[in-house]
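Heads up, the thing below is written out as structure tokens.
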């Protein structure tokens, strides 16, 4: 929870985030830290508040208390697009593609929305090169002219990732990138993400919400665990795996009588969060 | 206060009928998820049918009324149900357009079936009055209307609250598929509610016509009054809708005490629209949320079966992808140049009134283009685009001078006036989309009609205002041929600008707004600024084109720019192709066809044909051009040489992943096996 090793501010930090929906607390004083250049994981049973935390961080939902910092700069009251221009972007659990545009247009549009004056002259050519590079890296080049809405989920997730990468982000948030993918597709997605983050040499960090535990344990440098709106653990994959509270939370889901017993009700209350 | 009592009685009477209409509208929205813009037209059509049965064929009311309520109205309801069932899963936009198309079908079919003149319908109930208190006379017809409406309203409410039908309705609204799985007959439920709603409409028609006069327009407008109370009930609550309707009726009636003409009467007529506009903005997001249960259905459209077919042609062909990069594809350039050349040569073969009609068609195409940009590209549905045309036309009428020497300046001023108005119409779009945005823009258009354009000082009143043909840079465009050339030039410039915008960053920005506002905002798009800008720019362009519209018609009156004109524009644009520049040209062509001198015996069928075409668009939401293009592409793909097919089978290029050996080994095994396999498993997860 201290500053990063180099003394710089963290890429992303959230302190004491609370969110109430009606009477129930979706999040209760949650802290979150993402160091520069790392891939962080955010896990927890269904209804733990992961997507809500994402929505707070990206500005789609206002917290009732707490603050969010991007690169040490407080952004709690910023609009989503202002955060995006400052270098934060995300993907969605349920695909939010620009469904009637081609794959290439999806990426180009994202690039243009984040870079000022990307429309003219040299910057326009830069944009087109950048988009081509990202498509090449993700293996999307053969799909460039396809209409995004026609793609199967797996390719759609790649397009969302590509779109996020094209907006030259400092922090990229991925909401369940592997849902709807088979295991081969999932590991490919993981490989691409690792490559993309490594390419930026510490200039880009990623945070992912994920249900696929093996993927999280492999990819992530640090993991935060939420349960029923509270942070119950934070640390390296090995630490988290050994943490008894985490084990209880996950085993508890199957056992039935656990700290999570109330979470079904909360989940219903969160039904409208997206 | 005593003077107000009679107005109160009239208000409750009118409010009761609005209440019936509001409940009918709410019912089908609640149960079938369809907001029926054609509700007033059903009422009108049923009233005409009653007139035919009762007054023309001299059936007694005892026979005519049961026939109407028991046979005609239910049949109309069943037809609606059938039509809209096939639209489940299409976007809200398509449903709106189809129901507006049905409105147009009824409006053009009624005169063909029953004659075009205004009819007077006899009262259903005795007109004699009884005395209430000292000096207050209440008509038996008024009392009976209030009782009938209250009884039906209560009955419907009980039906939804206390019976299995109500329970089934709620199940169907909540989740149609799930309800079907637990044994609720979803189709039967929505059939019944369409029938009830349509019977209510028939009653509204029969009860309102004696006092309002029976013609093609009045009932349609009066029923729009009931949209405000329906929205007050958030399109969910019957009691709230009914109460809102009563309040509306009373407020309107009490206001009419202070004058039946002039400013007070304009305000009185505008109150329902003002209420609708304000309610939509105030309720804003809460309306959207209450409608959210229906939204997932709309998602399916983007990946519908025909969309898949379309992309088959474009699949993984790298040459195609390179083509997309090019700024102005050659075929398109050739096509546009050909059209322009044909346009320039046309005056040689055509002159006089025909050329005037073609000029009007070109001006109309320019106007249609602004709606293509706003609705087709940016996804912001607008039923108020002709109000901006009116702003431009009247501004030029005032400022251009008798010989049109100030025309350009006046047109630019008109465009500038349209900017703040555009921002005003854009305001609801910040919180609303789809149906609610359509309702808000409709309210705006009706407010412009009733508060601004009716003013004689603005528009010259019903006799209209003369607009001079322009004189630009010393050249007069007064002659038919010169004006035609000007119209052609303006459309060519508009179309060229639109093409450039469409292919570039602006076009992409607008489509982001249409396809996923949420993703756009998290990628850095300022939604507020973008939406307001697109409304303002499209308004200004429409106003500029409106200057030419005025000059083309030479005399303009408020009726040129009434809400129904915006409606017709939307229908023609959708029929042409709402997201294509060429769609705007087709819309202009269809408009010109209506004007061209055609034997009168056929002429009256044209609007009907167009309206039926729009209703049929349910199957091809992208419009005529897209259908033709699809046909051509299919034919071409049959004619394609063989080797193309082989080329397609090549696997996509494998990912290069040698660059970061330090991090990769953990995953390498999984990745190796996945090369090119991603996403080949069909649409299972989406």
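The values are calculated or read from the model by the stated rules, or taken from the named source; none is laboratory data. Predicted model only: the values in this text are computed from it and were never measured. Cβ atoms come from the backbone with ideal geometry, glycine included; neighbour counts cover every protein chain shown.
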| Those residues of the range A:166-185 which are more than 8 Å from chain B (Cβ to nearest Cβ) and under 17 Å from residue A:209 (Cα atoms), in sequence order | A:171, A:172, A:173, A:174, A:175, A:176, A:177, A:178
| message | Given the criteria crowded, with 16+ Cβ neighbours inside 10 Å, within 25 Å of the chain's Cα centre (by Cα) and either outside the structural domain of residue B:148 (by TED's automatic domain parsing) or part of a helix (DSSP H, G or I) (or both), does residue B:209 qualify? | response | no
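Can you pull out the strands (runs of 3 or more DSSP E) entirely within the range A:182-274 that have at least 2 residues that are within 16 Å of the chain's Cα centre (by Cα) and at pLDDT 85 or above?
A:205-209, A:222-227
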| query | In the range A:88-106, how many residues are part of a helix (DSSP H, G or I) and facing chain B (nearest Cβ under 7 Å)? | reply | 2
| message | Only one of A:197, A:134 is more than 7 Å from chain B (Cβ to nearest Cβ) and in contact with a helix residue (DSSP H, G or I) (Cβ under 7 Å, 6 or more places away or on another chain). Can you tell me which? | response | A:134
| message | Looking at B:196, B:220, B:204, B:184, can you tell me which residue is free of Cβ contacts under 8 Å to residues at least 40 places away in the same chain, closer than 24 Å to residue B:28 by Cβ and touching a helix residue (DSSP H, G or I) at 6+ places or on another chain (Cβ under 8 Å)? | response | B:184
| message | Tell me yes or no: at least one residue of the range B:177-190 is assigned by TED's automatic domain parsing to the domain that holds residue B:16, closer than 30 Å to residue B:112 by Cβ and in a helix (DSSP H, G or I). | response | yes
| Looking only at the range A:107-123, and only at residues there that are modelled with pLDDT under 90 and within 8 Å of chain B (Cβ to nearest Cβ), the one that is nearest to residue A:170 (Cα to Cα) | A:114
| task | Please specify each residue of the range A:42-54 satisfying the condition of being surrounded by fewer than 24 Cβ atoms within 10 Å (Cβ to Cβ) and within 14 Å of chain B (Cβ to nearest Cβ). | result | A:51
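So which of B:221, B:231 is assigned by TED's automatic domain parsing to the domain that holds residue B:36, surrounded by fewer than 22 Cβ atoms within 10 Å (Cβ to Cβ), within 23 Å of the chain's Cα centre (by Cα) and under 21 Å from residue B:38 (Cβ atoms)?
Values: B:231 fails: surrounded by fewer than 22 Cβ atoms within 10 Å (Cβ to Cβ).
So the residue among B:221, B:231 that is assigned by TED's automatic domain parsing to the domain that holds residue B:36, surrounded by fewer than 22 Cβ atoms within 10 Å (Cβ to Cβ), within 23 Å of the chain's Cα centre (by Cα) and under 21 Å from residue B:38 (Cβ atoms) is B:221.
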| remark: The condition from (1) over 24 Å from residue B:83 (Cα atoms); (2) surrounded by 21 or more Cβ atoms within 10 Å (Cβ to Cβ) that residue B:163 misses is numbered (2)
| query | In the range B:225-240, how many residues are modelled with pLDDT under 90 and more than 21 Å from residue B:160 (Cα to Cα)? | reply | 0
| Hey, residue A:163 touching a helix residue (DSSP H, G or I) at 6+ places or on another chain (Cβ under 6 Å) and within 14 Å of chain B (Cβ to nearest Cβ) or not | yes
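For every residue, the table says whether it meets (1) surrounded by 24 or more Cβ atoms within 10 Å (Cβ to Cβ); (2) more than 14 Å from chain A (Cβ to nearest Cβ); (3) in contact with a helix residue (DSSP H, G or I) (Cβ under 6 Å, 6 or more places away or on another chain).
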position	(1), (2), (3)
B:473	no, yes, no
B:476	no, yes, no
B:485	no, yes, no
B:498	no, yes, yes
B:501	no, no, yes
B:509	no, no, no
B:538	yes, yes, yes
B:554	no, yes, no
B:566	yes, yes, yes
| remark: Those residues of the range B:96-146 which are crowded, with 21+ Cβ neighbours inside 10 Å and over 25 Å from residue B:82 (Cβ atoms) amount to B:121, B:145
| message | The conditions are (1) within 14 Å of another protein chain (Cβ to nearest Cβ); (2) assigned to a helix (DSSP H, G or I); (3) under 23 Å from residue B:381 (Cβ atoms), and residue B:525 fails exactly one of them. Which is it? | response | (2)
